[in-house]
Amino acid sequence: MYYPYLRGKQFDLLALKEALSRDLLSSKIEPVIEPVRDSATLKNVIELFQKQDHPLAVIGNPQVGQFKLFDQHVHSWTLNENSTIEQALIITPETFQQILHTPPGLIVFDGQHYPKEAESWKQLTTLPSRFLIPDDSRIRIWLPENKIVIRDSFSIRKHVESYGEKNDDFFSNDYLFYQQDGYKGFSDFTIEGSRYFDKGFPSRALAIHLTYIDAYGNIRVKHFVSDSNDSAKDQALKFFEAAEKMKRWIMRHHHQLLITSGMLELLTLYEQKKFPGLGVLKKWSLLHHLELISQLIDHPTDWLRCYSKVKELYEIIRPIDYNKQIK
């Protein structure tokens, strides 16, 4: 099982909605949402997952964002008796007793709070919950069963333009080895990284991040970075510069790449010369990532043959016309 950890920002939620609505999300993927805002989109996504009987974990005590600041929320949801929506809690000194008395389906270790007493660890091992834990040898020893490993797989750069200096990074191969390593599942913070930022802002450079599978079965991430990076002006131009590099890379390698709906949406924007804003780019990039992992875990040995949307790619970019462009 794959447990992508999302902070519940607007375009993360919209990517989940697209994945589920288009039937692109594997049943072996259970997103974990840490709500950061009280929004109608959050409510709608939770209700959609419940309606379609798809597993989803929602953290009841978020540690970042504005959601945690209020006891009462404008947008609430009701769970059915046999709902596929399960409660998750981040373990803290304040929630430890609650976790023992009413164990949630998922207990999250956020890297900030750990029980200090051996007896506390022993009490946790008696619970029926699953444990989402960082790759920490001490926790692995204390919690030998029902554990899911979470890694900060995306390499964060201090400045966006720095992605152009090393435009290809290893992301993960946990889907290949998590069971051998004694885990029930694997998790990461997708293509954003673990550090939470409440609000984004235009930077001097724009980057598009796409995950892909290399010849050894590793998940890697390719970065496509704009060229006009002297100031934050003209974000649309920056998108077209980055997307042109993305298009060339995809067309050069499209028979080895998993062509996804998310990837096609990004290419369509470029071909139509439309810049929808940074949030929409994030939505389609995340949708691509979720599609990629879905195929890997549903079809681990023949994912490329089973799914890749090369025909749809040709409908957007005709290979003959593309070959003429690059000569």
Would you mind stating whether S76 is within 19 Å of the chain's Cα centre (by Cα), surrounded by fewer than 16 Cβ atoms within 10 Å (Cβ to Cβ) and assigned to a loop (DSSP other than H, G, I, E, B)?
no
Under the condition of being open to solvent by less than 60 Å² (accessible area, probe 1.4 Å) and in contact with a Lys or Arg (Cβ under 9 Å, 6 or more places away or on another chain), which residue from the stretch 300-327 is modelled with the lowest pLDDT?
Y322
Of the conditions (1) surrounded by fewer than 22 Cβ atoms within 10 Å (Cβ to Cβ); (2) over 18 Å from V280 (Cβ atoms); (3) charged (D, E, K, R); (4) in contact (Cβ under 8 Å) with a residue 12 or more places away in the chain, D214 satisfies every one except a single condition; which number is it?
(4)
Only one of R252, R248, R220 that is open to solvent by 30 Å² or more (accessible area, probe 1.4 Å), without any contact (Cβ under 8 Å) to a residue 40 or more places away in the chain and among the charged types (D, E, K, R):
R252
Say we look at the stretch 92-126 and pick out the residues that are of a type in the set (A, V, I, L, M, F, W, C) and not in a helix (DSSP H, G or I); which of these is farthest from D136 (Cα to Cα)?
L106
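Residue by residue, here is whether (1) at pLDDT below 95; (2) not in a strand (DSSP E or B) holds:
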{"residue": "S194", "(1), (2)": "yes, yes"}
{"residue": "D198", "(1), (2)": "yes, yes"}
{"residue": "S203", "(1), (2)": "yes, yes"}
{"residue": "H209", "(1), (2)": "no, no"}
{"residue": "Y212", "(1), (2)": "no, no"}
{"residue": "Y216", "(1), (2)": "yes, yes"}
{"residue": "H223", "(1), (2)": "no, no"}
{"residue": "F240", "(1), (2)": "no, yes"}
List pairs: first in the stretch 16-27 and over 10 Å from S294 (Cβ atoms), second open to solvent by less than 20 Å² (accessible area, probe 1.4 Å), Cβ under 7 Å, 6+ apart or cross-chain?
L16/P31; L16/V45; K17/V45; E18/L287; L20/F49; L20/H54; R22/S261
Among what's in the stretch 1-46 and is open to solvent by 40 Å² or more (accessible area, probe 1.4 Å) and of a type in the set (D, E), pick the residue that is nearest to Y196 (Cα to Cα).
D38
Where residues in the stretch 122-163 are among the basic types (K, R) and open to solvent by 40 Å² or more (accessible area, probe 1.4 Å), which of them is modelled with the lowest pLDDT?
R138
Take the residues in the stretch 164-185 that are assigned to a loop (DSSP other than H, G, I, E, B) and charged (D, E, K, R); name whichever of them is most open to solvent (accessible area, probe 1.4 Å).
E165
Residue identified as modelled with pLDDT of 95 or more and touching a strand residue (DSSP E or B) at 6+ places or on another chain (Cβ under 6 Å) among M246, M263:
M246
D188 vs (1) open to solvent by 80 Å² or more (accessible area, probe 1.4 Å); (2) of a type outside the set (A, V, I, L, M, F, W, C); (3) in contact with a helix residue (DSSP H, G or I) (Cβ under 9 Å, 6 or more places away or on another chain): all pass except (1)
Failed item, numbered, when K282 is tested on (1) crowded, with 22+ Cβ neighbours inside 10 Å; (2) in contact with a strand residue (DSSP E or B) (Cβ under 8 Å, 6 or more places away or on another chain); (3) within 30 Å of K184 (Cβ to Cβ)
(2)
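The values are calculated or read from the model by the stated rules, or taken from the named source; none is laboratory data. What you see is a predicted model; the values in this text were computed from it and never measured. Backbone-built Cβ (ideal geometry, glycine too); neighbour counts: all protein chains shown. Only protein heavy atoms, including side chains, enter the accessible area calculation; ligands, DNA and RNA are left aside. Shrake-Rupley method; radii C 1.70, N 1.55, O 1.52, S 1.80 Å.
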